[in-house]
Every structure is written in C-alpha cells, then in structure tokens.
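These notes concern the structure reproduced below.
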There are 2 protein chains.
Amino acid sequence: MGIQIGVDLGGTNVRVATVDGQGTIEQMLQEKTEVEKGYEYTIEKIIRMIEKISEGKEIDRIGIGAPGPLDPRKGVILSPPNLPGWEEVSIVKELEGYFSVRVQLENDANVAALAEAKFGAGKGKESVFYITVSTGVGGGFVFNGTVFSGAHGYAGEIGNMIINPNGYQYSNLNKGSLESYASGTAIGKRAMELYGIEGGSERVFELVSAGDEQALRIVNEAIDYLAMGIANLAHVLNPEVFVIGGGVMNAGELIWVPLQERVSDYLFPGLAPHLQMRPAELKGDAGVIGAALLG
Amino acid sequence: MGIQIGVDLGGTNVRVATVDGQGTIEQMLQEKTEVEKGYEYTIEKIIRMIEKISEGKEIDRIGIGAPGPLDPRKGVILSPPNLPGWEEVSIVKELEGYFSVRVQLENDANVAALAEAKFGAGKGKESVFYITVSTGVGGGFVFNGTVFSGAHGYAGEIGNMIINPNGYQYSNLNKGSLESYASGTAIGKRAMELYGIEGGSERVFELVSAGDEQALRIVNEAIDYLAMGIANLAHVLNPEVFVIGGGVMNAGELIWVPLQERVSDYLFPGLAPHLQMRPAELKGDAGVIGAALLG
C-alpha cells in the first residue's frame, strides 16, 4: 500500500504532507503560494513538492484542501477571493494526469472539519459541526467520518447565513450575514466605522482586555451573532458536538464563556443541556491533515 | 418476510397503514386520536388498529411518526404541544413489548421527509431537504435514503431558526424565528395584529387573491422570511432539491413564483442557478408512508 498525500493550498502558503493512521504529520513541506505568478506556476510547484515528499514511495491518492468556491465533484477551483486569478482551474485533472492516481478536492473548511472530526476535538463523535471564525466564517459538517460537500460544493458556507435582514453588510455576502458580524474582518470594520478604532480585530481584543467599553460592545455583538448562528445550526442538524476554531477564537475565555451562555439561551429548553462546544485542537495543521484524509 | 406497519400519530387523527415497495398505501385505518382521553387510551387504540391491519400476517417492524419534541433513540415522546398530556411516553417500549418486533419513532416532519425523498418529489435525489409550512414550520434532511434525526432528535427544527433577532415572536420560539413569520399561524396573527384581519391565514390568502394590499404585505413578508430560511439551509447543506409542502403552500403560484425569485437573490451567484424547489407530492399521506419506511 502506498502513501496518502495531503495538500493544503492557501492564499499565502502551500503545504504538502504525509499523515499516519493516527492523524500525525510524518513529513511536511511548506512554500509560499506566490499567487501573483499565476496558477500554472503554483501547480508546478505543488507537483514538485509532491514528488519530493513521495520520493521512493508509491502514492495511493492525493487530497487537496483549497479556498472556496470550488466544485469538489468536478475537481475545479472557481475564482476564490483568496486565490486571485484562479478562474475555473481544473487542479484535479492536472494532478491526476501527472501522477496517475486518484485526486480529490474539497474546500478548506470542510477539510479542516474532517481532520477535527477524526483526530481532533470531535474524535469519537458520530456528528461534528466544525466552525472556523477567522478572516471569514466557514464551516463543515462531518457525519460518520464523511464530510458533507453538498450537491454543488456549497455545504458549510455558513458565513452567508442571514441572521439579520436589516443588518450590516460587507463584500459580496448577504446583508446581516453571520460573517458580516462575527468574523475577524467584521469586528475590525465595525470597530473602525462605529468608534474609529484602528488595527483590526486583534487591536479590538487588546482593548477589551484593557477594559475598553466600546471594544467590548463590538465583541459582544459578534459573540451574539455567532451564538445565533450556532443555535440555528443546532436546530437544523443537532450535531453531537460543535468544534470551533480560527484566529478569533484565540481570544479565549473572553469569547468562550459568553458564547456558551448565549447559545444555550437560543436553544429549545430540551436541547440546551445537550449543547457541546469545544475548541479546535489541530489548529493550523487541520487543513493538511484533513486533505490527506480525503477520499 | 412479514409486513411493515406505518403509524401516523397526529393531534387529531391516528392512521395505521401498510405500504408496498413502491410507496403506495395498500391498506389504511384511520381513527380519532382523542388526546383528551390520555395516552394509555390512545396507545391501546393504536395496538388494536395494528392488530386489525396485520390480521393473519406476520409483522416485520413498526414505524411511528409523531409530533415533536421526541427522542428517537430512546423511543420516547416528550410533551409535544400537539399531544397535550403526553409527558415522556415510552411508546416504542410499549409497542415492542406487545408485538415483539422492532419499533422506531421519528418526528412527523422527518417521517414526511423520508417519504417525499423516497417516493415523492425528491425521488431519485441523493440529498433532499423537506420543509413543511403549515400551522408551524418544520423540516427534515434526507441523505442517501436516511433521515437525519440529529444527536438528540432536534435536527430539522428549522422553525426555531433565528432570521431577525429584533423581530416578531410568538409561543416558546426564538424572537424573529422562521416560524414566527412564515407559518400559517404567524400569517394569521400578523394580519390580525397589524390590520385587524380576522379568519387566519386562509382568509389572508383569500384577500390577497381579491387584491387586498394589506393582506399582500403580510404574505410578502412571510415569503421573504421563508426565502431567507431556505437560502440559509442551502448555504449550510446545499441539498440537491428542496421539497416544500404544508397547507400554506397550497396557496400555489401566489407563493411559489416570488419565493423562487427571492431565494435566488439570497444565494451565492454560483449556487443560484442550481436551486431546485419542488412542491411536495404525497401531501397528507407522507406521514404514514414515511413511518412505514422507518428503520
């Protein structure tokens, strides 16, 4: 039996790794994506990285996690904001043509969901909803070890869920969408627009720690929207556990304690005692581990 | 091989049926539920109905669809508003004890979802989200022929999804929940409170057909909330098809045409062309057919 290769293709870095049966990274290579040099350049680079890491070994299959939107069934990356210039790139066909093995493509949140469900904070659970709160808000639903892509690859695009139709809007998302309030970008933008606080979400969290009332108001609003989003998902799917990761969650107790309370407030009384929310465990490695698990 | 029995336990009627391999009802018995006589009385009645319909035949298994909340894993009905007086009723244990066959319990929307996915408007589709818009708003997600109950039986409780945190509220649901705007009850209540229109949602739809502006405003609001709810589900699960039933949808084109447009408006541009929404086909029989399919 050959090895399984995971490729984590991000806007900044590409990582290629082999992962053992316990979800531990055996070997990993990392290079800059260099999006500005065009997708052919980056795909060439990925091919070289895969050749290097698999030297002397047989490859069984290759999994790729990449920013959405993408079509996992066709294996095509569709113009993601984080990979400017990549328009309908058939990355699966290119790699399958080169390596003559099965290649699978999934969006980055779904791939991270898979890793967390199998080897991270969702280990041993039948159903796991993974949420990442970072620059954007994304998610992925894993049931019995399989990630749910949806019929056209749009499952888990929870950042675009409408929570407040009269609410705030940015970028191409719906007005009052979850991401427009709860993402790191939203926290930074809201703080700037409402109170002139510069420095993005990191600065906002620093100010909250220092007791700043305005910053606290912004963060509380974000937590409240995130809580409503999670409650909505609980009433749609009732997963055994929510695993929540992403840079914004690094703010720690400041977010976790009120978040837990508020989600409970929004749940049916019979469901509230069953609520389980856990911090993601695999952090930055979830993408490349999940990619290796694909297929 | 014996027969499979479906039981559709509603607040008003109980139906017991056998269904063939094509989802067609072979035989059916219907009686009044008579909730006011207590759950023991009704369970006795169900037992008699099952005995009657299975006379001279061997029973393979029994499936029950009942109003939620209920716990499908434990087989217990938990104080549903539509079955007053039923508090923690172990209906599965009672029927298993009597008939010595496997008995399964699911909530009514999930059971209808199963029937529509297998033999109704979702036939042949891998993933189906069923929505019922009637007194309340409920739903069920079927993937590869299996209905998703959730870890504690709360999957598909989409009526409690928050769409507008500053919005309207009734009963024990969340403020601005989908059901608080889009259900038949909500349409009737809104019409009464805002414009003094009596007669519930049916009267409101009559008035819309007659060109009444106020009634139209109420219905448009309901459609808009339903559209946001569907778009949210599409961004969470991206099912191949949405199957939508329930009394409110009987208003026909009045609802369907604007609903389709508005859902598309709320979807990612790449997802909008893939949107498929179909009217439920099995109507009142979905419950008893789906119950027979359980397990």
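Every number in this text was worked out from the coordinates using simple rules, so none of it is lab data. Being a predicted model, the structure only gives us computed values, none of them experimental. All Cβ positions, even for glycine, are placed from backbone atoms using ideal geometry, and neighbour counts span all protein chains on display.
List of remarks:
- Taken over chain B, the convex hull of the Cα atoms encloses 131 Å³ per residue.
- Which listed pairs, of A:K175/B:K283; B:K74/B:K175; B:K52/B:K125; B:K52/B:K283; A:K37/A:K93, have C-alpha distances above 27 Å, in listed order: A:K175/B:K283; B:K74/B:K175; B:K52/B:K125
- Using the Cβ-Cβ distance between B:S209 and A:E88 with R0 = 45 Å, the FRET efficiency computed as 1/(1 + (r/R0)^6) comes to roughly 0.45.
- Taking amide hydrogens as placed 1.01 Å from N in the peptide plane, the amide H of A:A280 sits under 5 Å from those of A:I244, A:G245, each at least 5 positions away in sequence or on another chain.
- Calculated FRET value between A:M1 and B:A272, using beta carbons and R₀ = 41 Å, to 0.05: 0.45
- In summary, the helical segments of chain A meeting the span-like criteria, namely a full DSSP H run, a Cα extent along the axis of 30 angstrom or more and a mean Kyte-Doolittle hydropathy of at least 0.0, are A:213-237.
- Put the Cα centre of region A:121-140 next to the Cα centre of region B:1-42 and the gap is 40 Å.
- Centre separation in Å (Cα based) which lies between region A:198-222 and region B:239-295: 42
- Additional length obtainable on full extension of the chain from A:E55 to A:L254, 0.36 nm per residue less Cα span: 67.0 nm
- Cut-off under 5 Å, modelled amide H: who pairs with A:L70 long-range: A:L78
- Net charge, B:I25 excluded, C-beta distance under 10 Å - Lys, Arg +1, Asp, Glu -1: -2
- Our helix-only sum for the protein assembly as shown, with -39,500 (n - 2.57) per DSSP H run of n ≥ 4 divided by its residues, gives a mean residue ellipticity at 222 nm of -11500 deg cm²/dmol.
- Here's the list of aspartates and glutamates a cross-link from B:K57 could span, going by alpha-carbon distance under 18 Å and ignoring same-chain residues fewer than 8 apart: B:D20, B:E26, B:E96.
- 20 Å reach of a label modelled at A:K283, 7 Å along Cα-to-Cβ, counting backbone N of region A:172-195: A:184
- The label point for A:D20 and the one for A:K123, both projected 7 Å from the Cα toward the Cβ, are 1.3 nm apart.
- For region A:158-195 versus region B:57-75, the gap between their alpha-carbon centres in whole angstrom: 43
- Summed side-chain charge close to A:A222 - residues other than A:A222 whose Cβ falls under 13 Å, Lys, Arg +1, Asp, Glu -1: +1
- If only the Cβ of Lys and Arg carry +1 and only the Cβ of Asp and Glu carry -1, the dipole of region B:62-185 around its Cα centre is close to 260 debye.
- Neighbouring partner chain Cβ atoms per residue of A:266-275, average, 10 Å criterion: 5
- Extent along the principal axes, Cα only, for the protein assembly as shown: 71, 59, 43 Å, with the longest axis given first.
- Computing FRET efficiency as 1/(1 + (r/R0)^6) for B:Y195 and A:N13, where r is the C-beta to C-beta distance and R0 is 60 Å, gives about 0.55.
- Scanning chain B for trypsin sites (Lys or Arg not before Pro) that sit in a DSSP loop and have at most 16 other Cβ atoms within 10 Å, the longest stretch containing none of them is B:176-295.
- Sorted from shortest to longest, the distances between the A:K93 label points of this copy and the other copies are 6.0 nm, with each point 7 Å from Cα along the line through the beta carbon.
- A:G85 sits among other residues whose Cβ lies under 13 Å from its own Cβ, and their net charge, with Lys and Arg +1 and Asp and Glu -1, is -4.
- B:L78 versus A:I47: modelled label distance in nm, points set 7 Å from Cα along the beta carbon direction: 5.6
- Exposed loop positions in chain A were taken to be GluC sites (Glu not before Pro) whose DSSP state is not H, G, I, E or B and which have at most 14 other beta-carbon atoms within 10 angstrom. Between these positions, the longest stretch is A:199-295.
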